[in-house]
Structure formats: structure tokens, C-alpha cells
1. Take the residues of region 36-91 that are surrounded by fewer than 19 Cβ atoms within 10 Å (Cβ to Cβ) and either among the β-branched types (Val, Ile, Thr) or in contact with a Leu (Cβ under 9 Å, 6 or more places away or on another chain) (or both): which is nearest to Asn157 (Cα to Cα)?
2. Does Met185 satisfy being of a type outside the set (D, E, K, R), under 10 Å from the mean Cα position of the chain (by Cα) and either at pLDDT 90 or above or more than 30 Å from Glu280 (Cα to Cα) (or both)?
3. Does Val215 fit the bill of being out of contact with any strand residue (DSSP E or B) (no Cβ under 6 Å at 6 or more places or on another chain) and surrounded by 22 or more Cβ atoms within 10 Å (Cβ to Cβ)?
4. Among the listed residues Gly131, Gly126, which satisfies the condition of being surrounded by fewer than 20 Cβ atoms within 10 Å (Cβ to Cβ), in a helix (DSSP H, G or I), out of contact with any helix residue (DSSP H, G or I) (no Cβ under 6 Å at 6 or more places or on another chain) and modelled with pLDDT of 95 or more?
5. Go through Ser276, Ser239, Ser268, Ser251 for me and flag whichever is more than 25 Å from the chain's Cα centre (by Cα) and either surrounded by 16 or more Cβ atoms within 10 Å (Cβ to Cβ) or not hydrophobic (A, V, I, L, M, F, W, C) (or both).
6. Could you please let me know if Arg168 is in a helix (DSSP H, G or I), out of contact with any strand residue (DSSP E or B) (no Cβ under 9 Å at 6 or more places or on another chain) and either free of Cβ contacts under 8 Å to residues at least 24 places away in the same chain or of a type in the set (Lys, Arg) (or both)?
7. Within the bounds of region 106-118, is there any residue that is surrounded by 15 or more Cβ atoms within 10 Å (Cβ to Cβ), under 17 Å from the mean Cα position of the chain (by Cα) and outside any loop (DSSP other than H, G, I, E, B)?
8. Out of region 211-236, which residues are closer than 20 Å to Gln156 by Cβ, of a type in the set (Val, Ile, Thr) and either in a helix (DSSP H, G or I) or within 17 Å of the chain's Cα centre (by Cα) (or both)?
Amino acid sequence: MSAKALRCVYPSAISPFTQQVEDQTRDWCLTYGLIAAGETEDRFMNWRMGHLAGRSYWYASRNGLLLNACWMAWYFIFDDQLDSPPYATDPARVAEICRRLRGISESERPGQSTTPAENALADLVGQSCSGMSPMWILRFRRHIGEYLLGNVREVQNRKDVQVPSLDRLWETRRASGAMEICIDMIEKTQHFEFSPSEWELSRLREARHLTSDIVHFTNDLYSLEREISRRDVNNLVLSISRERNCGIKESCRIAVIMVRDMIQRLQSCEVELMQSTHGEAARGRMERFFLGLNSWVRGNVDWAQETLRYDGEHQYISEDDPWGNRNNIVGPK
């Protein structure tokens, strides 16, 4: 049973600004030095970051869609950089990179940045925090910090050549997968904010975690072959195989069943929260938020079937540049 066996109950949608944003995202990456013109640019365009944003935030304005697409481009390029030598198995080095990036994300006025990743992150955080409340900004920055720490944990797993337990994988992927940041951006994109008491509702927290897990583990199914070939241990299927002592085919079948169950639980959260939420304004916030969560679940599945990102020939670090020297965005040139 493969990733294509996943059935998504949510309708497919795509923004009319998708292709325009696709091109603008490439231009933004070129401006900040995240990609270089030529072969790297061509590989990047095959990932279709504008389409991932266009499907996951199809309801966004053009500018809102562009901001989310640029975030996605930053995540994926940064992720591939850390997956590759000399960073892939050097947690101390990656921890220092992430420490600098966290400092930039938490600063009202970031100091001089020295790498493309730092400069681009400062731009993204500045745009994202503009017009949002201090409480939202504090939460958003905390999620960026957790995301960076999660990346350090993944590098440590690769160094140890140890497939993580399911519990450890769950904890690490919720951070390193950046979905908490993406979920925060639902409020930014739709121009509303939950109150602190609403945000801490147990069923709403469960819905956020389920959405995060569904997206991450769907990606694990689509990226499995590439990660096995690269000896990357951070994958749901591999963790299932380790814990249940079964082969890859059976582990894939179990993973698909797990994701299907998560989608059903997410639907139950939505029904219960809509029934228990009173007041037109509060119900409106809840409806818009679940529109965002559901769009992410379906949009990610649609994009995974369109993108060439999981094709080894289109990864960010090229085979003829295995050390990533030409494409280095996190260290000095």
C-alpha cells in the first residue's frame, strides 16, 4: 500500500494567483541568494512551491499567497541544506546556525546578517509579524525557535544512525516540520486572531497536532524512497518498521491506516468545536481556522502528486556538487 492509497475527504482547490506567485517566489529566492540562476533555479521550479501555497492557502490574497510561498521555499531549501554534507551529521555546527537564526527571528531590529538564510528569514519574520498582536508575535516566534531546535534533533538522529522511536519521531517532526508556523499563518492570511483562551482549547490543540502529523506523515510516505537512498532515518515508515519489527511494505500499510485515522479524528474535532462555539464572531474564527487546516491536509496531498521534489534528480543539492559549496545558504561563501 503506497501513499496513493490515501483518500482525502476534503475538496481540492487552487488559487487563481498560483502561477504568478510561482514566478515571484523564484525571484524572491534569487534576490536573497537562496538559489542561483541556471541549474539550481530549474530544479527549484520543479518543486512548485507556488502550487503548494496555492493549494494550501488557496483563499489568500496575492500578497498573502506570496508570503506563504516564500516561507515554504525557505523551509525546503534550508531543510535540504541541513540534510547534506557537511551539516547532515554535525549537530554542533547546525546548533550554532540555528542559534543565529533564532536570534534573528526574535529581534525587533535584526543586526547585520551574514548568510542568505539569515537575510531571507529576517524578511519573512518582519512581513509576517507586521500588523499582528504582541501575543500572536510571541507565539509565532516561539514556534520558529521550536522549529529550529527540531532540526538540530534530526541532525543528531542522522549522526547516531538511529531510527527514532515513534514517540521521539512524533515530538521531533512536530517541531522540525514547521507546521506550527504554517498553522499560525492561517490567522495572518485570513486577518483574524484567536484569543489566548480559544487557542488553548484542548480540542483545538488536538486539531493543530493532527493537521501537523497528517501533513508530515503524508510527506514521509511520498519521500520514503529518497530518504532510504540518502540514509535519512527521520521517517514514519522506518520508525514503524523498527518498533513493530516488520518490513517496509507492511510499515507503509500501517502508516496509511494511521493517517486515515488522523483525518477522521480531525473531522471529529471540527464537529465538536463548531457545536460548542457560541457567538457569531467566535464561530466565524473557528470556521476560517478549520478551512485553513482542511486546505492544508488536501493541498499537501495534491501538491505531493504534482511536485518533483521527491525525485532524487530534483533535490536542491546536486549530484555534481555533493558538498553543497555552490548552494551554501547557511555558511560563508
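The values are calculated or read from the model by the stated rules, or taken from the named source; none is laboratory data. All figures in this text were calculated on a predicted structure; none of them were measured in a lab. Note that we place each Cβ from the backbone using ideal geometry, even for glycine, and neighbour counts take in every protein chain shown.
1. Thr89
2. no
3. On the way: out of contact with any strand residue (DSSP E or B) (no Cβ under 6 Å at 6 or more places or on another chain): yes; surrounded by 22 or more Cβ atoms within 10 Å (Cβ to Cβ): yes.
Answer is yes for this residue.
4. Residue meeting the stated conditions: Gly126.
5. Working: Ser239 fails: more than 25 Å from the chain's Cα centre (by Cα); Ser268 fails: more than 25 Å from the chain's Cα centre (by Cα); Ser251 fails: more than 25 Å from the chain's Cα centre (by Cα).
Within the list Ser276, Ser239, Ser268, Ser251, the selection yields Ser276.
6. yes
7. To start, the set of residues in region 106-118 that are surrounded by 15 or more Cβ atoms within 10 Å (Cβ to Cβ) comprises 106, 110, 113, 115-118.
Okay, now just the ones that are also under 17 Å from the mean Cα position of the chain (by Cα), so 117.
Right, trim to outside any loop (DSSP other than H, G, I, E, B) and you get 117.
Checking region 106-118: at least one residue is surrounded by 15 or more Cβ atoms within 10 Å (Cβ to Cβ), under 17 Å from the mean Cα position of the chain (by Cα) and outside any loop (DSSP other than H, G, I, E, B).
8. Once the filter is applied, which keeps residues that are closer than 20 Å to Gln156 by Cβ, of a type in the set (Val, Ile, Thr) and either in a helix (DSSP H, G or I) or within 17 Å of the chain's Cα centre (by Cα) (or both), region 211-236 yields only Ile228.
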